[in-house]
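*Asks:* Got a structure for you, questions after.
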Amino acid sequence: MKTTKNHGISTRCVHTGEVDDQFGAPHTPLYNTSTFVFPNTKAIVDVVQGKKPGSLYTRYGMHPNIKTLEAKLATLEGAEAALSFGSGMAAEAATLLALGRKGVICIGDVYGGTMELLDSQLRSLGIPVHFLLGSELGQLEDILKEGVGMVYFETPTNPVLEIFDIEEISTLAHKYDALVCIDNTFATPINQNPLALGADLVIHSATKYLGGHSDITAGAVMGSQEHMNAIMPWRKNLGQVPAPEVASLLCRSIRSLVIRVERQNKTGQAVAEALEGHPGIKRVLYPGLASLPGHDIARRQMKGFAGMFTLELNAGYEDTTKVADRLEIIRIGPSLGGAESLCTQPVTTTHSGLSEEERKRRGISPSMIRFSMGFEDPEDLIADIRQALEVLTE
Ligand SMILES: *Cc1c(COP(=O)(O)O)cnc(C)c1O
């Protein structure tokens, strides 16, 4: 079935990009092949020269499962085109190498791998990289004036759920011909579409909500066809495509994305609300709570608030660790967006690479536990966190 932009997001998640096969499969079956064969030379030359569409070689992304996936990824973010990758970091690396060589301004907290890629690898290539905290946004225009070509950020951020105004930052960046690239992993495309708010590029770690079952590693970038054409040769020659098996699994996941994220939105809101005001908790950081400093912007640019929140406890590092260790349903793990609820203390994992001073500057405290809500019953998750908090009063 051919979908159009007028179809709803759920319909498009199910049907977009699926190819009819000769046996009547209802969706693109898994083609576990690295190459494709042709009846004669003219047929292969037509595909090589781009005169006819067709599958050719898997690493080029010219593969039915990868094409099906990329049609779904593009429609999720309302983009002209998308490219899929073997990981979120692969998508970031190819995008930054293709389009970030005039320099990158990174705003707020970003994923640890992103920080390292920008700070170490990109700088080692002589690419100018600037880091600005949210509180330093006033300096953005001055740096843009130097001709830095890309603004890169996440919103909400990890782990303090800081919210940045995508529309406002994009307008300013475009005044200086800079591209705006947003890592939309935490928000999900169901809750937030940066391209519609003025951004040029969107990146996802599909390992998280898009995959949704903690069983695959994959990534994506969405944007204009022109930008995808610039990134394509980097992906091809750095060898970053996802395996067909992963592309096929990710398509399966995307068919249920709306249902999963709607549930995670509800659970995130219910658990965050239930815990606000608990004597063991200093702050609950969640975009759906009016108490979060960026809540008004979040309400304007997000349709839902996903399943990620951070608790800052009235406790030191040791006691915070005891709370994490006492959880029964919620397991300790550094990922997010899957069926099983997870938690992690940012100082032990995601932000362990930062100095204590730098963490302080960024408001990341040893009393924080970051949570990802899965598909379990919200009442069970609330009860689990409440019983774990009892260690603070024992
Ligand atoms: C996990 C994550 C990444 C990196 O993705 P991988 O699939 O692990 O390479 C990038 N950004 C955010 C926000 C993430 O959570």
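The values are calculated or read from the model by the stated rules, or taken from the named source; none is laboratory data. Every value quoted in this text rests on a predicted model; they were computed, and no experiment measured them. Glycine gets a Cβ as well: all are built from the backbone with ideal geometry, and neighbour counts include every protein chain shown. Calculation scope for accessible area: heavy atoms of the full protein, side chains included, ligands and nucleic acids excluded. Shrake-Rupley method; radii C 1.70, N 1.55, O 1.52, S 1.80 Å.
*Asks:* Tell me, what is the FRET efficiency for Thr171 and Glu318 to the nearest 0.05, using R0 = 45 angstrom and their Cβ-Cβ distance as r?
*Replies:* E(calc), rounded to 0.05, equals 0.45.
*Asks:* Using 7 Å Cα-to-Cβ label points, what is the Lys303/His7 separation (nm, one decimal)?
*Replies:* Calculated label separation equals 1.5 nm.
*Asks:* Follow-up question, since we're still on this one. About the Cα centre of the chain, what is the dipole size in debye to 20, counting +1 per Lys and Arg Cβ and -1 per Asp and Glu Cβ, all else neutral?
*Replies:* Its charge dipole is roughly 1360 debye.
*Asks:* If you restrict to DSSP beta bridges whose two residues both lie in the chain, what percentage is antiparallel, to the nearest 5?
*Replies:* Details: 22 of 40 bridges.
Counting only bridges with both partners in the chain, antiparallel ones make up about 55 percent.
*Asks:* Follow-up. Considering only protein heavy atoms, what per residue accessible area in square angstrom results for the chain with a 1.4 angstrom probe? Before the final figure, lay out the partial values.
*Replies:* Values: 16970 Å² over 394 residues.
Value for the chain: 43 Å² per residue.
*Asks:* While we're on this one: Quick one: among Asp109, Asp319, Asp46, which has the greatest mean-square fluctuation in a GNM of the chain with alpha-carbon springs under 10 angstrom?
*Replies:* Sorting by GNM fluctuation, first place goes to Asp46.
*Asks:* At Lys52 and Glu226, where each label point lies 7 Å from the Cα along Cα→Cβ, what is the point-to-point distance in nanometres?
*Replies:* 3.2
*Asks:* A follow-up question, please. What FRET efficiency, computed as 1/(1 + (r/R0)^6) with R0 = 35 Å and r the Cβ-Cβ distance, is obtained for Ala25 and Glu340, rounded to the nearest 0.05? Show your work: numbers first, answer last.
*Replies:* Values: r = 30 Å, r/R0 = 0.86.
For R0 = 35 Å, the calculated efficiency reads 0.70.
*Asks:* Given Cβ point charges of +1 (Lys, Arg) and -1 (Asp, Glu) and nothing else, what value in debye, to the nearest 20, does the dipole of the range 303-367 about its Cα centre take?
*Replies:* Here the size comes out at about 260 debye.
*Asks:* Right, next: Which residue fluctuates most in the GNM of the chain (Cα springs below 10 Å): Arg362, Arg370, Arg260?
*Replies:* Arg362
*Asks:* Taking 0.36 nm per residue of separation and subtracting the Cα-Cα distance, what length does fully extending Arg123 through Ala43 add?
*Replies:* Computed gain between Arg123 and Ala43 is 24.3 nm.
*Asks:* Run the quick spin-label model on Ser135 and Phe375: label points 7 Å from Cα toward the beta carbon, then report their separation in nm to one decimal.
*Replies:* Placing both labels 7 Å along Cα→Cβ, they lie 4.2 nm apart.
*Asks:* In addition: Students often check this: by mean Cβ neighbours within 10 Å, which of 375-387, 200-212, 219-231 ranks highest, and how do the rest follow?
*Replies:* 200-212, 219-231, 375-387
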